[in-house]
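First up is the structure itself, then whatever we jot down about it.
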């Protein structure tokens, strides 16, 4: 390889990079111009849009939006802003109507394009704007999906937000469906459909769906499912039992405190920890002595939760003061001392 | 003798061509992913987990040593982070200034009798404080033991299953934690570490943890560091992450699974490259356990840091980095070229040894032969010319390519003048910036043999208003 070879190679590479630089400059310029035009149109339409959303008889916006060059981008921005900052806006009939009228065709086109990022964005927007008109096409798409990749998972969420219960059946086709995806589906369905699906999941044998159903009950506070949750305390699957305990802790209610008793001696520390937490949050006085035993547990989290549990009782500070001096276990004494002054909790 | 120099020159040419090709290969691996995701609407992708109860709570650890100037603003910026549940733990590693006093005063902190778990052995913990305004802000005052020791103390106090280690001088974007935790949440815990991109803040305007205006600094030394970060983060780390062989998660910002780190023994106090050493050790354990868990990097810029403007501070930083690299590779030398460690042993470790560590030695040899060839006839001028062109290719062209990759994908710098300035400065790299780096990196290798530890010294101006 000679000097001239390297000279030619360097010149070619430099020219290639310069060409690429030039292309990127032109592309940047175009993007800037597009951004500028879009910003102008957006600014121009903000007032008529706001007026239309508060009073749909003011149709200036409808005429204006039809006459702009960047209709899709501007409308997306306006609707996104409205949905993000207005409570309950994604159920707004006006958002649905505007998006279905102006965005159905462009979105159908984008979903058939190769650009993966734009397809994902579009699925999010369909969900945000609650575009039911696209549900049949999306369901067809899900039926044809071979893998549960990022796009298919978003497709499932979008369909669930459009209240398509068929997604739960479609999910059965895939192996190892993540628990969080089931939870996302339950969260997005309307209450009646969600409750029906929760019931089916609790009666079924799919552990991921059951786990998700218990988690959903926890944060939705659906007390009507309490008997089902309490039944799962006897499950042979540890993860299900722990989730059932978590759910009871979040519901802050259980029909029979005796159901908790076996968990104080569990060989799984997570179960002992949740038993202590539940005893505390529900102020089960009968377990005060048991909590003292757990204060000397070998696992830090169990000791932590046992001491925390005392803070829920009216005489908790007295008990903690006593235990900080007299508990037989040194770590138990330290933990009791900590909870006399410590305030728990993270930023929420 | 001339034959020796000629052979030596050929070895350097071959080495530089090989290294350049490896960069181009990494570039190609990185390009597909960044390009594919470049048009994603960032708000939409994190919206789902922003108010979600199923995000894992995170403990944010801020090790601080003599940070009285910046510690309060750093903690204030962390308060602004959008994340469902977090706690902030500042670890004052025996500062000689008013670091603790500033925290206690600003956040009205009081002493608490905390029963700290001793998962990891650390220097003596003197006092633990808790804020009465924000109970989730805690301060550990401890005896000096170094950054790794401070982080280990933070891990002992952390309540949550994941911890995020950040440098005291870094500013995180409001959605940084959400973006960084997203892969962990979506993988159902299969990803145990995520590292975010670090960007240089000099020149940009950052206000209340939000980047208001992105701009370029005027100082050429800082400009070159921006280009270097593109090269390291966009080409190197992303491609290595794709192959699950990423060995570095920046100490400035990374999220770790706490139990995994405790099982690995925490941060190593015997090295100045504790961030890299921990990641290599985690890889080692994952391979030894035949685990499928992963360490991942996300390309989106989430953390802004202040880059040194003076050559002296930059020198000290680079010497530390190189020394840390050497110490890590030496500690885990058993893994290099060892098939038992899979692609980490066969690809990643050799890459870091041959390209990242020894690259400086070859480059120095290259500069020596170019001068020797042109001015002292050590080799014939044609070979010196070839060497010169290959050096430009290895240094400037690859860096310029990184600038173009950034523009093709993330295009975070808004003006055309930014792109042009960065590109042409990148082309000058071989002629002035790289020789400095080469010398300092070699000094770093020598420094590894002098076992003096310190926290590093950075004169801060502050990056957020």
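Report, by residue number, each residue of segment A:60-91 that is surrounded by 12 or more Cβ atoms within 10 Å (Cβ to Cβ) and part of a loop (DSSP other than H, G, I, E, B). Outline the logic, then answer.
Step one: of segment A:60-91, the residues surrounded by 12 or more Cβ atoms within 10 Å (Cβ to Cβ) are A:60-62, A:64-65, A:68, A:70-84, A:86, A:89-90.
Scanning segment A:60-91 gives A:68, A:70, A:86.
Just checking, how many residues over segment A:181-224 are over 14 Å from residue A:246 (Cβ atoms) and either touching a helix residue (DSSP H, G or I) at 6+ places or on another chain (Cβ under 6 Å) or assigned to a helix (DSSP H, G or I) (or both)? Walk me through it before giving the result.
Within segment A:181-224, the first condition is being over 14 Å from residue A:246 (Cβ atoms), and the residues that meet it are A:181-182, A:184-209, A:222-224.
Cutting the leftovers down to either touching a helix residue (DSSP H, G or I) at 6+ places or on another chain (Cβ under 6 Å) or assigned to a helix (DSSP H, G or I) (or both) gives us A:181-182, A:184-189, A:191-203, A:207-209, A:223-224.
Total satisfying the criteria: 26.
Quick grid of which residues meet (1) out of contact with any strand residue (DSSP E or B) (no Cβ under 8 Å at 6 or more places or on another chain); (2) more than 25 Å from residue A:201 (Cβ to Cβ); (3) surrounded by fewer than 17 Cβ atoms within 10 Å (Cβ to Cβ):
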| position | (1), (2), (3) |
| --- | --- |
| A:248 | yes, no, no |
| A:256 | yes, no, yes |
| A:279 | yes, yes, no |
| A:283 | yes, yes, yes |
| A:296 | yes, yes, no |
| A:306 | yes, yes, no |
| A:316 | yes, yes, no |
| A:324 | yes, yes, no |
| A:329 | yes, yes, no |
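For residue A:40, all conditions in the list (1) within 30 Å of residue A:163 (Cα to Cα); (2) away from chain B (no Cβ under 12 Å); (3) part of a helix (DSSP H, G or I) hold save one; what is the number of the exception?
(1)
For segment B:72-148, give me every one of the strands (runs of 3 or more DSSP E) that falls completely inside it and has 2 or more residues that are without any contact (Cβ under 8 Å) to a residue 24 or more places away in the chain and either buried (at least 23 other Cβ atoms within 10 Å of the Cβ) or within 14 Å of chain A (Cβ to nearest Cβ) (or both).
B:109-112, B:125-131
Which residues, counting only those in segment B:211-233, are more than 22 Å from residue B:398 (Cα to Cα) and touching a strand residue (DSSP E or B) at 6+ places or on another chain (Cβ under 9 Å)? Even if it seems obvious, please write down each step before you answer.
Kept after step one, since they are more than 22 Å from residue B:398 (Cα to Cα), are these residues of segment B:211-233: B:211-215, B:218.
Those that are more than 22 Å from residue B:398 (Cα to Cα) and touching a strand residue (DSSP E or B) at 6+ places or on another chain (Cβ under 9 Å): B:211, B:212, B:213, B:214, B:215.
Residue A:50: part of a helix (DSSP H, G or I), under 35 Å from the mean Cα position of the chain (by Cα), at pLDDT below 95 and within 11 Å of another protein chain (Cβ to nearest Cβ), yes or no? Walk me through it before giving the result.
Details: part of a helix (DSSP H, G or I): yes; under 35 Å from the mean Cα position of the chain (by Cα): yes; at pLDDT below 95: yes; within 11 Å of another protein chain (Cβ to nearest Cβ): no.
Criteria not met by residue A:50.
Applying the selection to segment B:389-425, what residues are under 21 Å from residue B:12 (Cβ atoms) and more than 9 Å from every other protein chain (Cβ to nearest Cβ)?
Correct list: B:391, B:394, B:395, B:396, B:398, B:399.
Of all the helices (runs of 4 or more DSSP H) wholly in segment B:349-441, which have at least 2 residues that are closer than 30 Å to residue B:327 by Cα? Even if it seems obvious, please write down each step before you answer.
On the way: elements: B:359-376, B:381-392, B:398-408, B:416-427.
In segment B:349-441, B:359-376, B:381-392, B:398-408 are the helices (runs of 4 or more DSSP H) which contain 2 or more residues that are closer than 30 Å to residue B:327 by Cα.
Out of everything in segment A:2-34 that is facing chain B (nearest Cβ under 7 Å) and either farther than 14 Å from residue B:388 by Cα or within 43 Å of the chain's Cα centre (by Cα) (or both), what residue ends up being surrounded by the fewest Cβ atoms within 10 Å (Cβ to Cβ)?
Only one residue tops the list, namely A:29.
Within segment B:17-45, can you find the residues that are over 16 Å from residue B:297 (Cα atoms) and away from chain A (no Cβ under 11 Å)? Full working, then the answer.
Start the filter on segment B:17-45 by keeping residues that are over 16 Å from residue B:297 (Cα atoms), which leaves B:17-25, B:28, B:39-45.
Of everything in segment B:17-45, those that are over 16 Å from residue B:297 (Cα atoms) and away from chain A (no Cβ under 11 Å) turn out to be B:18, B:19, B:21, B:22, B:23, B:25, B:28.
The values are calculated or read from the model by the stated rules, or taken from the named source; none is laboratory data. Predicted, not measured: the structure shown is a model, and the values here were computed from it. Reconstructed Cβ throughout: ideal geometry from the backbone, glycine too, with neighbour counts over all protein chains shown.
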